[in-house]
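Enquirer: Before I ask anything, here is the structure I am working with.
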Amino acid sequence: MVKDWQVRKRRPVRRKQVAPLLSALEKNLGIDFNLEGAFLEMAEYGPWNLMIVNKEPHAVEVLDDDDNKVAALTLRGLLANNSEKSWLEVDRGAIPFLMNGADCMAAGIHAADTAVESGDLVWIRDQEHKRPLALGWACMDAEEMISATKGKAVRTLHWVGDELWSMEF
């Protein structure tokens, strides 16, 4: 899925202006942001809102199927801030497909956060190194993903190598 989106309305912001986004991230992913002395910016990227920290996109607000805003870390944000919530682990065979933007199939998933439910925004990591590979919407519950041998488990939104990953400011 190639996105022809442009970064628009990029502007510097103060921490208190992104406080609602930060509190949503802390609630959803259980992380504590340390943004002391960081240069914060907000921008629009298609229908998404980006939070840019020190010229790297670290967080994004996306719309779910009901047009509600959901906050998540980008893959660069996940690399900078370790999260132990809303994750799935895939085997080595799934990695090349995920790096090309494919949806994640249940056959490749070997472990998951047990709190993941269908419709949640989840991040996918590799089984060996625990590094983030993709971000997407869960199509199944965690137990179903682990036990299923076929079917789509995650609808991918953002992956290593896409436009958002390659973005430089």
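The values are calculated or read from the model by the stated rules, or taken from the named source; none is laboratory data. Just so it is clear, the model here is predicted, and its values are computed rather than measured. Using ideal geometry, Cβ is built from the backbone for each residue, glycine included, and neighbour counts are taken over all protein chains shown.
Enquirer: Report, ordered by the first and then the second residue, all pairs with beta carbons closer than 7 Å, sequence separation of six or more or different chains, a first member in segment 143-169 that is under 14 Å from ARG76 (Cβ atoms), and a second member that is assigned to a loop (DSSP other than H, G, I, E, B) and among the hydroxyl-bearing types (Ser, Thr, Tyr).
Expert: Partner pairs satisfying both residue conditions: HIS158/THR74; LEU164/THR74.
Enquirer: Next question. Could you list, ordered by first residue, the pairs with Cβ atoms under 6 Å in which the first is in segment 31-60 and aromatic (Phe, Trp, Tyr) and the second is in a strand (DSSP E or B), at least 6 apart or interchain?
Expert: Final answer for the pair search is TYR45/VAL7; TRP48/VAL60; TRP48/VAL62.
Enquirer: State all residues of segment 8-39 that are assigned to a strand (DSSP E or B) and either crowded, with 17+ Cβ neighbours inside 10 Å or of a type in the set (D, E, K, R) (or both); if no residue qualifies, say none.
Expert: The answer is ARG8, LYS9, ARG10, ARG11.
Enquirer: Here is a further query. Do we have ASP64 as in the same structural domain as PHE33 (by TED's automatic domain parsing) and under 16 Å from THR156 (Cβ atoms) here?
Expert: In short, yes.
Enquirer: Can I ask one more? Please go through segment 75-131 and give me each residue that is within 13 Å of the chain's Cα centre (by Cα), surrounded by fewer than 19 Cβ atoms within 10 Å (Cβ to Cβ) and polar (S, T, N, Q), ordered by number.
Expert: ASN81, ASN82, listed by residue number.
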